[in-house]
1. Return a yes/no flag: does segment 146-166 have any residue that is open to solvent by 60 Å² or more (accessible area, probe 1.4 Å), within 30 Å of Met82 (Cβ to Cβ) and either at pLDDT below 65 or not in a strand (DSSP E or B) (or both).
2. Looking only at residues that are part of a strand (DSSP E or B) and either farther than 22 Å from Leu115 by Cα or out of contact with any Phe, Trp or Tyr (no Cβ under 6 Å at 6 or more places or on another chain) (or both) in segment 43-79, which one is most open to solvent (accessible area, probe 1.4 Å)?
3. Any residue that is open to solvent by 80 Å² or more (accessible area, probe 1.4 Å), under 25 Å from the mean Cα position of the chain (by Cα) and closer than 30 Å to Ala42 by Cβ - is there at least one of those in segment 83-96?
4. Does at least one position in segment 1-11 carry a residue that is outside any strand (DSSP E or B), under 29 Å from Leu119 (Cα atoms) and either touching a helix residue (DSSP H, G or I) at 6+ places or on another chain (Cβ under 9 Å) or in contact (Cβ under 8 Å) with a residue 12 or more places away in the chain (or both)?
5. Would you say Lys40 is under 26 Å from the mean Cα position of the chain (by Cα), in contact (Cβ under 8 Å) with a residue 24 or more places away in the chain and open to solvent by 80 Å² or more (accessible area, probe 1.4 Å)?
6. Select from segment 99-129 the residues that are more than 20 Å from the chain's Cα centre (by Cα) and either touching a residue at least 12 places away in the same chain (Cβ under 8 Å) or in a strand (DSSP E or B) (or both) and list them in ascending order.
7. Residue check: is Lys89 over 24 Å from Asp112 (Cα atoms) and in contact (Cβ under 8 Å) with a residue 12 or more places away in the chain?
8. Report yes if some residue within segment 18-25 is out of contact with any Lys or Arg (no Cβ under 8 Å at 6 or more places or on another chain), among the charged types (D, E, K, R), part of a loop (DSSP other than H, G, I, E, B) and surrounded by fewer than 13 Cβ atoms within 10 Å (Cβ to Cβ); otherwise report no.
Amino acid sequence: MALKVKAQEKLQKIGTHAGKYRYIMMPELYTSLSQDKVIKEAALRSGVSKGIMQACWDAAGEVIKAWATEGHSVALPGLGTMRFGLRAKSVEKVDEVKAGLITSRRIIFTPDVDLKDELANTAVQITCYDRDGKEVKRVTSTSGDVEDPENENQNGNGGSTSSQTGGGLPDDGD
């Protein structure tokens, strides 16, 4: 399995490359999996009925929500931990502290080392599209290693391969 990424040629509107077309990479997101599909697959893998899995799923969700809203960092099996956090403005004096200083409430996810390692070692497939949406190149790394375009002649890319299907990426001279 590989992560799918697209590199789309887009006109930059801000920054050091404003006014120039540059290839911007972003993950190609798959469709969202429904809760029902996840429960069916978990039931199949665990050998328990879908009804029991649904009850466990619902109970785990309620426990995670309750404990996280009480301020706990809660383990998510095989994934990491999640907790709630917030952003707030600072004030100089204690009598200025009030709930109105809170600017946002957030969910903070911290992945397990195993999950981070698996992601780091997953191959990447990049499909490049020009500004008209035409596919112009595909690049596939066969491991988690990342190519270093500054040292192309050293072939230290850990098994990366590339196939050209049309015009190439412009050299940005950076």
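1. yes
2. Ala75
3. Checked segment 83-96: at least one residue is open to solvent by 80 Å² or more (accessible area, probe 1.4 Å), under 25 Å from the mean Cα position of the chain (by Cα) and closer than 30 Å to Ala42 by Cβ.
4. Taking segment 1-11 and keeping what is outside any strand (DSSP E or B), we get 1.
So of that shortlist, the ones also under 29 Å from Leu119 (Cα atoms) come out as 1.
Pick out the ones that are also either touching a helix residue (DSSP H, G or I) at 6+ places or on another chain (Cβ under 9 Å) or in contact (Cβ under 8 Å) with a residue 12 or more places away in the chain (or both) and you get 1.
Yes, there is a match, as at least one residue in segment 1-11 is outside any strand (DSSP E or B), under 29 Å from Leu119 (Cα atoms) and either touching a helix residue (DSSP H, G or I) at 6+ places or on another chain (Cβ under 9 Å) or in contact (Cβ under 8 Å) with a residue 12 or more places away in the chain (or both).
5. no
6. Within segment 99-129, Leu101, Ile102, Thr103, Ser104, Arg105, Tyr129 meet the criteria.
7. Yes.
8. Within segment 18-25, one or more residues are out of contact with any Lys or Arg (no Cβ under 8 Å at 6 or more places or on another chain), among the charged types (D, E, K, R), part of a loop (DSSP other than H, G, I, E, B) and surrounded by fewer than 13 Cβ atoms within 10 Å (Cβ to Cβ).
The values are calculated or read from the model by the stated rules, or taken from the named source; none is laboratory data. Being a predicted model, the structure only gives us computed values, none of them experimental. Every residue, glycine among them, receives a Cβ derived from its backbone with ideal geometry; neighbour counts consider all protein chains shown. Areas reflect the complete protein model, heavy atoms only, side chains present, ligands, DNA and RNA absent. Shrake-Rupley method; radii C 1.70, N 1.55, O 1.52, S 1.80 Å.
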